[in-house]
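Presented below is the structure to which this report refers.
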Amino acid sequence: MTDKLIIFDTTLRDGEQSPGASMTRDEKLRIARQLERLRVDVIEAGFAASSNGDFECVRSIASHVKESVVCSLARANDRDIARAAEALKPAARARIHTFIATSPLHMEKKLRMTPDQVLEQARLSVRFARNLCADVEFSPEDGYRSDPEFLCRVLETVIAEGATTVNIPDTVGYAIPELYGQFLRHLRERVPNSDKAVWSVHCHNDLGMAVANSLAGVKLGGARQVECTINGLGERAGNCSLEEVVMAVRTRRDYFGLELGIDTTQIVPASRMVSQTTGFVVQPNKAVVGANAFAHASGIHQDGVLKARDTYEIMRAEDVGWSANKIVLGKLSGRNAFKQRLQELGIEMESEADINAAFARFKDLADRKSEIFDEDILALVGDESATPDEEHYRLLALSQRSETGARPFAKIAFAMGGQEFHAEAHGNGPVDASLKAIESQVKSGAELQLYSVNAITSGSTESQGEVTVRLQLGGRVVNGVGADPDIVVASAKAYLSALSKLHSKVDRVAAQG
């Protein structure tokens, strides 16, 4: 048993299963590079067999990431595993992560397979994967609700076939920390060859205990890998939060006695990037990465912190990447300074033409906003990162009128499939009028599920507003994000971005596990 805890990040796979959180290949690659800077041990890049798009995402990440292990999920069948191996070929270090459900409920109702059939499928799949990749992880889906005796048989079998990591998922977030830790420990004690593989935990947050369960699996169960996501992103109530697990183990090293390879100063930049890319805003009181995580409102607390920080702070804000420093960039800044800042933020442009276009947008923003922050740059690049195929709709111009006693009115011009359209409408407010004007031409019929506004930077009325719009149509759920100092303009951008994603023909099939 090693004294190092392996951090397995699945933001790009399990995190992406959040409704509306699907990302483009370029967005996934940008986040993967940030995860590499964060020095996560394993990056689960996607589910290569689920779609051609996800296959290309995995292959692209495998081609660019050199320091972290790049992993692809695969169901326990030869087609999925072969597809994963093909996508991972360019990787410096690759892992195939295969899974099959083992709980009575899943085997009977979902798989319609007997336990013996599941055992044999697990055996053959790990054997096949091991012939294609030296690093193979196996997960018994819904493992925590599985019969322990049967689960021990499965785990012993897959380890014998060459699985280097075995993961015990609490797929539905049903576990209680003490019980989950004991469950893991009993499995390790009963599986004869348990010492031949690294044991891993993968906990969901349905009861709000994903982090606690994962840490119990580490401390009580002897797990040495934690599967987690940035900001706890994931379907339903989300996954185990990477930043919380990492800082718990780092802050309480006296209790856990484990080492980490993580560069914690990259946690906040990773959090911001994931939030701005997916449109899933981080709650202010979120541990470690929330805006209020290191804020002190109480006079007693403020007095204590001023006298000695450790009176009320168990972590230093700068250790996780919080900084009050502003970018020394503005309307007089040159192209080279802007390019250097892009590199520092981990933003890589495909060509000089892309850099020039981004610099032009930066200059336009600087003319309207006196102080430019890191968050502004990330939003600016994210707002313009879609490929032409993903920009079926694009805002050209907007004007609106809102007066006390008069009904708000908006007039808008936008591109749709290369053609320019003009529309106008009244509404309950300027945002409502703008979106109604767009819909009067598009006639999408989509249901607006979410509209939220978040200030990209705090402390100034000049802050850009970041608007997230979530639309649902025909079973598809997409997020559109728009940023602008003018909230109405940001809203129109976000709505058109969401419509473009609905229009996209890219088919995404959600992974399981």
Q | Under the Karplus curve 6.51 cos²θ - 1.76 cosθ + 1.60, θ = phi - 60°, whole-Hz ³J(HN,Hα) for segment 35-44, x wherever Gly or Pro sits | A | 5, 5, 5, 5, 6, 5, 6, 10, 10, 7
Q) In deg cm²/dmol and to the nearest 500, what is the mean residue ellipticity at 222 nm of the chain if only DSSP H runs of at least 4 residues count, each as -39500 (n - 2.57), divided by the residue total? A) -12000 deg cm²/dmol
Q. Can you pull the semi-axes for the chain, root of five times each eigenvalue of the Cα gyration tensor, sorted largest first, whole Å?
A. 41, 28, 21
Q. If 174, 451 are ordered by their accessible area, calculated over protein heavy atoms with a 1.4 Å probe, which sequence runs from highest to lowest?
A. 174, 451
(Q) Can you work out the Karplus-derived ³J(HN,Hα) for every residue in segment 283-293? Use 6.51 cos²θ - 1.76 cosθ + 1.60 with θ = phi - 60°, whole Hz, and x for glycine or proline. (A) 5, x, 9, 5, 4, 6, 10, x, 4, 9, 4
Q. Karplus couplings for segment 205-214 from phi (6.51 cos²θ - 1.76 cosθ + 1.60, θ = phi - 60°), rounded to Hz, Gly and Pro as x?
A. 10, 4, 9, x, 10, 4, 5, 4, 5, 4
Q: Of the options 47, 473, 412, report the single residue whose Cα projects farthest towards the positive end of the charge dipole of the chain (beta-carbon charges: Lys, Arg +1; Asp, Glu -1).
A: 47
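Given +1 on the Cβ of Lys and Arg, -1 on the Cβ of Asp and Glu, and no further charges, what dipole in debye does the chain carry about its Cα centre, rounded to the nearest 20? Before the final figure, lay out the partial values.
Details: 60 positive and 70 negative charges, 48 e Å.
Using Cβ point charges on Lys, Arg, Asp and Glu, the chain gives about 240 debye.
With all protein chains present and a 1.4 Å probe, how do 316, 112, 33 order by accessible area, largest first?
112, 316, 33
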Q) Say the cut-off is 28 Å between C-alpha atoms; which of 89/196; 28/493; 363/411; 363/436; 411/501; 369/493 go over it? A) 363/436
Q | Under 14 Å from the Cα of residue 109 - aspartates and glutamates, other chains or at least 8 residues apart | A | 141, 142
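I need to check one value: relative contact order of the chain, counting alpha carbon pairs closer than 8 Å and at least 6 residues apart, in percent. Don't jump to the answer; show the numbers that get you there.
Working: 1059 pairs, mean separation 63.8, N = 513.
Computed over the chain, the figure is 12 percent.
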(Q) Give the aspartates and glutamates whose C-alpha is closer than 14 Å to that of residue 339, dropping any in the same chain fewer than 8 places away, or say none. (A) 348, 350, 352, 354, 374
Q: Mind ranking 399, 139 by accessible surface for me, highest first, 1.4 Å probe?
A: 399, 139
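The values are calculated or read from the model by the stated rules, or taken from the named source; none is laboratory data. All of these numbers come straight from a predicted model, not from anything done at the bench. Don't worry about glycine lacking a Cβ; one is built from the backbone with ideal geometry, like all the others, and counts go over all protein chains shown. Keep in mind that these areas ignore ligands, DNA and RNA; they rest on the heavy atoms of the full protein, side chains included. Shrake-Rupley method; radii C 1.70, N 1.55, O 1.52, S 1.80 Å.
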